[in-house]
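Okay, structure first, notes after.
Every number here is computed from the coordinates shown, using simple stated rules; none is lab data. In this text the structure is predicted, and so the values were computed from the model without any measurement. So basically every Cβ, Gly included, is an ideal-geometry build from the backbone, and we count neighbours across all protein chains shown.
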Amino acid sequence: MGRVVLKFGGTSVGTIEKIKKTADQAIREFEKGNQVIVVVSAMGKSTDRLVDMALEISEHPSKREMDMLLSTGEQITISLLSMAIHEKNYEAVSYTGWQAGITTEPVASNARILDIDTEMIQAALDKGQIVIVAGFQGVSGEGEITTLGRGGSDTTAVALAAALEADKCSICTDVVGVFTTDPRYVKNARKLSQVTYDEMLELANLGAGVLHPRAVEYAKNYRIPLEVRASHEIEVGTMIEEEMTVENTKVVRGIAFEDKITRVTIHWDKKRKHARIKSFYNARRSQY
Ligand code: ADP
Ligand code: ASP
Ligand code: MG
């Protein structure tokens, strides 16, 4: 029997219809004879909406309360997905980060996972249940709810795959794989069939938002075969692993960029003999 971790991002669970489709995917993996752990994000753009609500109340909301607030988004998805699986007459159970045994650093809004106690998940898997875990969250040693940084559900998935010694971790998203650059901006970007951990780490760290950088770090450190593929389409995605069999001769594998950054150009004003801001470009990067 195999063991797989599937992760579905916000767009992939953005509507009830998509949650039902996600339930079908989980059941399909289960029917192949696998133990299945599903990690999900908050529905659609709901995390952004939660951030906006907090900012309507306070310009500088307490970080602890932000974690408390943002962790609720994923909790909605796990319960709905579990219900959708029950409706199809399969057993499923949903767990928040702390129920899933995910302990993190005591750092609000960008905590690292320190340890995962898999006992509860293991017991549910042994009972034949599909286990659904809220991404992007954990609990600190002091019992505080923490979040792992925006996009952190990828990290939850890979960390669980490592702790549970899963055979594979599939990141199911709104693109069919990792491309040479962001296909949303560059229409003729090419899908890569394979990428090494180091190449992916570099792309992710430089802003290729398709994977959370810490997720790639985990995958590399624990040698987890990581797949990026489309959520609700049957198309082979991109494998991120150590060994490369094809396309391994290229020096440049892809181009990453960030779009929400501020560029300030300063020049020296000879007449007045002091520095002046020449141009100020783009919106300030969001804090959350
Ligand atoms: P999810 O909600 O599933 O976590 P994300 O929005 O975090 O999805 O990541 C998927 C997005 O990453 C794609 O829609 C795409 O615009 C963007 N992206 C950036 N760089 C790349 C790349 N090199 N290859 C594929 N997608 C990329
Ligand atoms: N819901 C969180 C976010 O929007 C985490 C995630 O989607 O991975 O950033
Ligand atoms: Mg993401």
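Between ALA84, ALA275, ALA111, the GNM of the chain built on Cα springs shorter than 10 angstrom shows ALA275 fluctuating the most. Here the dipole of the range 6-97 is about 300 debye; that uses its Cα centre as origin and unit charges on the Cβ of Lys and Arg (positive) and Asp and Glu (negative). Measuring how big the chain is from its alpha-carbon positions, Rg and Dmax come out at 20.3, 78 Å. From the Cα gyration tensor of the range 75-118, with a ≥ b ≥ c the square roots of its eigenvalues, which class applies: rounded if a/c is under 1.5, or else prolate if a/b is larger than b/c, or else oblate? Prolate. Take the cross-link list LYS88/LYS127; LYS88/LYS168; LYS18/LYS127; LYS20/LYS45 and give me the ones stretching past 21 Å between alpha-carbons. Too far apart for the 21 Å limit: LYS88/LYS168; LYS18/LYS127. Length gained on full extension, ASN188 to ASP167, computed as 0.36 nm times the residue gap minus the Cα-Cα distance: 4.3 nm.
Between LYS21 and GLU242, full extension at 0.36 nm per residue minus the direct alpha carbon distance yields a gain of 76.4 nm.
Rounded to the nearest 20 debye, the dipole size of the chain about its Cα centre is 1740 debye, using +1 on the Cβ of Lys and Arg and -1 on the Cβ of Asp and Glu. Calculated on the alpha-carbon coordinates, the convex hull of the range 21-121 measures out at 105 cubic angstrom per residue.
Taken about its Cα centre, the range 44-94 carries a charge dipole of about 100 debye when Lys and Arg each add +1 at the Cβ and Asp and Glu each add -1 at the Cβ. Subtracting the Cα-Cα distance of VAL264 and ARG28 from 0.36 nm times their residue separation leaves 79.9 nm of extension gain. Averaging the sequence gap over all C-alpha pairs within less than 8 Å and six or more residues apart, then dividing by the number of residues, gives the chain a relative contact order of 17 percent.
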